[in-house]
Amino acid sequence: QVQLVESGGGEVQPGGSLRLSCAPSGTIFTVYVMAWYRQAPGKQRELVAALTGGGARNYERAAKGRFTISRDNATNTMFLQMSSLKPEDTAVYYCFCSGEGVLTWGQGIQVTVSS
């Protein structure tokens, strides 16, 4: 089973930027959708951004204009560029992939926005 490995999280001050990466451990021949979710303490997991295999993007309202989802089509490594970060963006971020023979989540990575 393909696994997803996230990296790039950490602590940043309000207004700062971070770039998250999500790399699959094996080959995914056809990607249907890849996405980033997040879960803040005491809250349900929510969709942040999604990218279909055809290139369509969808963003959660609070992320629109500040976050950009992208993917390296050669490796299916997915990225989330986050700018103008706010304390309310603090959460564990999870990547997700649905593809041919693949339905999997990453282990999660902490993003903390604090002064």
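A few points about this structure:
- Flag for residue 15 being at pLDDT 95 or above and out of contact with any strand residue (DSSP E or B) (no Cβ under 8 Å at 6 or more places or on another chain): yes
- Selection count, the range 106-115, where residues are part of a strand (DSSP E or B) and among the polar types (S, T, N, Q): 2
- Looking across the range 94-113 at every residue that is at pLDDT 95 or above and either touching a His at 6+ places or on another chain (Cβ under 6 Å) or open to solvent by 50 Å² or more (accessible area, probe 1.4 Å) (or both), the one that is farthest from residue 3 (Cα to Cα) is identified as 110.
- Members of the range 26-46 that are more than 19 Å from residue 113 (Cβ to Cβ) and open to solvent by less than 70 Å² (accessible area, probe 1.4 Å): 26, 28, 30, 31, 33, 34, 35
- Once the range 58-105 is narrowed to residues that are in a strand (DSSP E or B) and hydroxyl-bearing (Ser, Thr, Tyr), the residue that is nearest to residue 10 (Cα to Cα) is 93.
- Checking residue 61 against (1) over 20 Å from residue 19 (Cβ atoms); (2) open to solvent by less than 40 Å² (accessible area, probe 1.4 Å), the condition it does not meet: (2)
- Residue in the range 26-47 that is nearest to residue 76 (Cα to Cα), counting only those that are more than 13 Å from the chain's Cα centre (by Cα) and either part of a strand (DSSP E or B) or small (Gly, Ala, Ser) (or both): 31
- If the condition is being open to solvent by 30 Å² or more (accessible area, probe 1.4 Å) and in a loop (DSSP other than H, G, I, E, B), then the range 1-25 contributes 1, 3, 8, 9, 13, 14, 15, 17, 25.
- Among the residues of the range 71-93, those identified as in contact with a Phe, Trp or Tyr (Cβ under 7 Å, 6 or more places away or on another chain) and open to solvent by less than 40 Å² (accessible area, probe 1.4 Å) are 80, 82, 93.
The values are calculated or read from the model by the stated rules, or taken from the named source; none is laboratory data. Note that the structure is a prediction, hence the values are computed from the model and not measured. Note: ideal-geometry Cβ built from the backbone for every residue, glycine included; neighbour counts use all protein chains shown. Calculation scope for accessible area: heavy atoms of the full protein, side chains included, ligands and nucleic acids excluded. Shrake-Rupley method; radii C 1.70, N 1.55, O 1.52, S 1.80 Å.
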